[in-house]
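Here's the structure, in structure tokens; my notes come after.
The values are calculated or read from the model by the stated rules, or taken from the named source; none is laboratory data. None of these values were measured; they are calculated from a predicted model. Note that we place each Cβ from the backbone using ideal geometry, even for glycine, and neighbour counts take in every protein chain shown.
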Amino acid sequence: MTVTSTANRIANYCMAIMTCACFSLWVINFYIWNPKQTQNTHNIRNIAPKSTTTARKYPLPATGGGDYRVPASKVAAQKEKSDNAKATTKAKNTKTKASDGGTPITDGDRFVWDRHYNKLKYDQYYRDAYKILGLDDATSEALSDLLAEKFMAVEKDREERNGKDDLAYELFVDKAKSTALEYDEKISSLLGPEKFTLLSEYETSLPQRQQISKFRAELEFSSEPLSVEQEMALLPAIDKYLSQHPSEEEGVKTWARIDPLSAMLVVDVTGENEVVFKDVLTPGQIKTLNDAYNRMSTLITKRSTLRDLGL
């Protein structure tokens, strides 16, 4: 009886010791040898409430229970809608803002810029006219503005006609004449009848003057530049040339006072035309001008060919 009682007591002690040892090993392994697992457990507990809050952005179904996930198509649709809204806003801002940091561009600003551009383009043709008329600075500036606006209005008429048939061209010419007449009345009021008549005469001869300027530029660095006497003699010579070419003469008469750039001449001084210019120009000058004319003709031909090919 005594032996049995002692054996049971020893067995109980051994079981207690083994239990304590196992518990100690578990504590050492969990908290000392592998602390990362413990940290992850705490992180999961801390994150869980946040994930629940985020999920409320998409309400759970009223019935059915289970795991509820937002469909990928709905997420993509919302993202696309947001991206489109941003792109639209950016496009509107780009369209209504200038490149200088956000100043809105108005129709008035655009008109002022277009007028300034046309003034620079056409003032070179009217520079001598300002001197002939003897205008003060303010009147010259006002005249330059009106001329620029006149050519802008004619150009607008031309853009409306582009791509239409020959009948539309005739209508365009009539409309352009009417537009030019409206501005001529304003110019006449600014200058007075006498100076307006001088300006009209100057405009009528402007294509011939520009052709003489081209001759001067081509011969300027040659061995035989144009003299003042030759320049004066070329004006009636070009008038004679036009009388022998009715279609060109008609174009000059039609456009000289509507839009000078549309009335510019390209005169060939050789061949049958040489008889008109031989008393004004020397053989060397005629050859130089002929070479320039041929170069221009080649460039125009190539340009037309490239345009026909769609290049």
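Data for the structure
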| read-out | value |
| --- | --- |
| Check on residue 222, in contact (Cβ under 8 Å) with a residue 24 or more places away in the chain, within 21 Å of residue 139 (Cβ to Cβ), among the polar types (S, T, N, Q) and surrounded by fewer than 18 Cβ atoms within 10 Å (Cβ to Cβ) | no |
| Candidates 172, 196, filtered to the one that is closer than 27 Å to residue 111 by Cβ, within 32 Å of the chain's Cα centre (by Cα) and of a type outside the set (D, E, K, R) | 172 |
| Pairs where the first residue, in the stretch 192-214, is over 21 Å from residue 232 (Cβ atoms) and without any contact (Cβ under 8 Å) to a residue 24 or more places away in the chain and the second is of a type in the set (Val, Ile, Thr) and surrounded by 14 or more Cβ atoms within 10 Å (Cβ to Cβ), C-beta under 7 Å, 6+ apart | 196/187 |
| For residue 80: the one exception among (1) assigned to a helix (DSSP H, G or I); (2) modelled with pLDDT of 80 or more | (2) |
| Where residue 156 falls short, out of the listed (1) farther than 30 Å from residue 291 by Cα; (2) not in a helix (DSSP H, G or I) | (2) |
| Hits in the stretch 194-249 (condition: in contact with a helix residue (DSSP H, G or I) (Cβ under 8 Å, 6 or more places away or on another chain), more than 22 Å from residue 134 (Cα to Cα) and of a type in the set (A, V, I, L, M, F, W, C)) | 212, 215, 219, 226, 234, 235, 237, 238, 242 |
| Criterion violated by residue 258 - all others in (1) within 28 Å of residue 198 (Cβ to Cβ); (2) outside any helix (DSSP H, G or I); (3) without any contact (Cβ under 8 Å) to a residue 60 or more places away in the chain satisfied | (3) |
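For every residue, the table says whether it meets (1) part of a loop (DSSP other than H, G, I, E, B); (2) surrounded by 13 or more Cβ atoms within 10 Å (Cβ to Cβ); (3) at pLDDT 90 or above.
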position: 167; (1), (2), (3): no, no, no
position: 170; (1), (2), (3): no, no, no
position: 181; (1), (2), (3): no, no, yes
position: 195; (1), (2), (3): no, yes, yes
position: 208; (1), (2), (3): no, yes, yes
position: 212; (1), (2), (3): no, yes, yes
position: 215; (1), (2), (3): no, yes, yes
